[in-house]
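Worksheet: one structure, shown below.
The values are calculated or read from the model by the stated rules, or taken from the named source; none is laboratory data. Not measured: the values here are computed from a predicted model. Quick reminder, even Gly has a Cβ in these numbers, built from the backbone with ideal geometry, and neighbours come from all protein chains shown. Heavy atoms of the whole protein, side chains included, go into the accessibility calculation; ligands, DNA and RNA do not. Shrake-Rupley method; radii C 1.70, N 1.55, O 1.52, S 1.80 Å.
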Amino acid sequence: RQIRAEGFVAEKIKTDFGGNLAYATVTRREREKLGFLMEHLETAIDVVRSVENVQVAFVIKETDHGEYKASLRSLEANVAEISQEFGGGGHVRAAGCTVKAKSIGEAAELLVKVIGKKCFEGMPRDKELLHAR
C-alpha cells in the first residue's frame, strides 16, 4: 500500500514559482477510497521532493479528524521557520505543522503564500499550476 500511495501522490504533484516549489495534497476521502492509512503516506514527501529542480516541497494530509498535517522539506530554505508560522517546528531542512484552514486547498494556498514570501520573494507565481512531469 505504501508504494501505491507514493504513486498516487506522484500523480497529484503540483509546482509553483517556476518549478522551485512542489507539493501534493491528500484528502481523507481519497485515503478512505483507496484504503490508505496515514502511515502509508509517511514517505510521500520524499516523492514530492524528488522532482527535479525543486528547492522546497510539502505534502498536506487530511487526518481522520479533519486537520491538515503538513510535512515540509528543502534543499537550502529553513522550513522549520516556515512551519513555525503555523505553530509547528522541526529541523532546518525537514519540518512539520498543522495548518488551520477550512479546506485542504486553502491549507495548501496558505503554505504556498508563506513559502513564497520567505523563499521566493520577488519571483512570480505560476499563472497556472503545473503538474510535475
Review point. Of the residues in segment 1-28, how many are touching a Lys or Arg at 6+ places or on another chain (Cβ under 8 Å), on the phi < 0 side of the Ramachandran plot and among the aromatic types (Phe, Trp, Tyr)?
Key: 1
Revision key, fill the gap. Within segment 61-94, residues farther than 11 Å from VAL114 by Cβ and either in a strand (DSSP E or B) or of a type in the set (Lys, Arg) (or both) come out as LYS61, GLU62, TYR68, LYS69, SER71, ARG73, SER74, GLY89, GLY90, ARG93, ALA94
Study note, to complete from the structure: From the option list LYS69, LYS102, single residue qualifying as at negative phi and free of Cβ contacts under 8 Å to residues at least 12 places away in the same chain is LYS102
Point to revise | Lone unmet requirement of (1) farther than 24 Å from ARG4 by Cβ; (2) of a type outside the set (Val, Ile, Thr); (3) outside any strand (DSSP E or B) for CYS97 | key: (3)
Practice item. Determine whether SER74 is open to solvent by 20 Å² or more (accessible area, probe 1.4 Å) and small (Gly, Ala, Ser). Key: no
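Evaluate the following for VAL54: is it β-branched (Val, Ile, Thr), buried (at least 22 other Cβ atoms within 10 Å of the Cβ), modelled with pLDDT of 95 or more and closer than 21 Å to CYS119 by Cβ?
In short, no.
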